[in-house]
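The values are calculated or read from the model by the stated rules, or taken from the named source; none is laboratory data. All figures in this text were calculated on a predicted structure; none of them were measured in a lab. Here the Cβ positions follow ideal geometry from the backbone for every residue, glycine too, while neighbour counts run over all protein chains shown.
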Amino acid sequence: MEDKGGLKFKQEIQQMMFVSGEMAEPSIEVLKVMEEIVRDQVVEMLAIANGLASRRASRFITNNDIIFQFRHDALKVSRIRSFLAWKDFRKNAKDEDKDAAGDPTISDNEDDIANKVKKEIQPLPWDIGSFYNQTVPADLKEEEEEMDRANFYRLQREDERTKNMTKDEYITWSEYRQASFTRRKVKRFREWAGIGVITECKDNEDVMDILGFLICDMVHGITEEALRVKEQNNILMNGMDNGDLGSRKLGKNDVRGLFDRTTEERIAFQPKHIRQALVNLQGKARKGRAIFSGARAQQKMPLQLVSVLQT
């Protein structure tokens, strides 16, 4: 349902920003900027995917047309593949539970479940291993180590945000973690993203779920960067030292929960914080690029995918 401000996913964006650390209620202008950025990203992904499908003389895009756009980001690809494997595992869980009820030999050991999920991870057509008839077991150790490090830092940030929460606050935070653009909103999302206009996908593909997964990453990444931008602005405005981080020092008896913030900390984002966060994320992706144009005038840069830039 569309909001009065023209927003299709106001509640979902608010919840995702909240989980990422934005405790103050964002304004309609901020939510509108965020939704516009995310929609631009989704439209760009779908347009590229449609081009890839056209090269195969196909009218429908597939999961791989989306994943291929992140082929240079091994961690992102691994997370998407793991996400899809777990999705398939949960989908078949009911049937497995029925079998387990009549077969006591079936194990519910966590390691066994993890191994089953690994086996569900499908090879990608551009991987070297797919060029040969015989399938060689993939060595996922390096990718798993990268994912473990990324998960560790993510859990560390979440622990920092939630360690002083009350029970009710933590329940709210946990519920907001389930926010999604695609879950139970398929028709609304298809219209919003232009699926059926920009491109088409079959119902048996996981394109919608992959996009929902990437959108969640986008909003979290932009929000976290915008928090840093706002924090830096506060430091400059208050003339404080860089090490102070723009927040007051707590007393011995001070306990700070989710909603117990100073006035300064509860100042909501402004649209400029979101836009600057996007610029920062795009700048990080361009630093390592070689300059081939010499002294020629700088060409207009294509739209960068935030979900790639933030990792």
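Out of the residues in region 166-184 that are among the charged types (D, E, K, R) and in a loop (DSSP other than H, G, I, E, B), which is modelled with the highest pLDDT?
The residue in question is R177.
Tally the residues that are without any contact (Cβ under 8 Å) to a residue 60 or more places away in the chain and not in a helix (DSSP H, G or I), restricting the search to region 186-218.
4
Any residue at all in region 17-32 that's at pLDDT 90 or above, in contact with an Asp or Glu (Cβ under 9 Å, 6 or more places away or on another chain) and within 19 Å of F189 (Cβ to Cβ)?
Checking region 17-32: at least one residue is at pLDDT 90 or above, in contact with an Asp or Glu (Cβ under 9 Å, 6 or more places away or on another chain) and within 19 Å of F189 (Cβ to Cβ).
Would you call L250 in a loop (DSSP other than H, G, I, E, B) and at pLDDT below 95? Before the answer, list the steps.
On the way: in a loop (DSSP other than H, G, I, E, B): yes; at pLDDT below 95: yes.
Taking the combined requirement at face value, the residue satisfies it.
Out of the residues in region 45-70 meeting the condition of being under 16 Å from the mean Cα position of the chain (by Cα) and over 14 Å from D206 (Cα atoms), tell me which one is surrounded by the most Cβ atoms within 10 Å (Cβ to Cβ).
If we take residues in region 45-70 being under 16 Å from the mean Cα position of the chain (by Cα) and over 14 Å from D206 (Cα atoms), then M45 is surrounded by the most Cβ atoms within 10 Å (Cβ to Cβ).
At pLDDT below 95, β-branched (V, I, T) and under 19 Å from R71 (Cα atoms): is that true of I121 in this structure?
So I121 fits the description; yes.
Please count how many residues of region 38-59 are closer than 30 Å to R161 by Cα and in contact with a helix residue (DSSP H, G or I) (Cβ under 6 Å, 6 or more places away or on another chain).
The number of residues fulfilling the criteria is 3.
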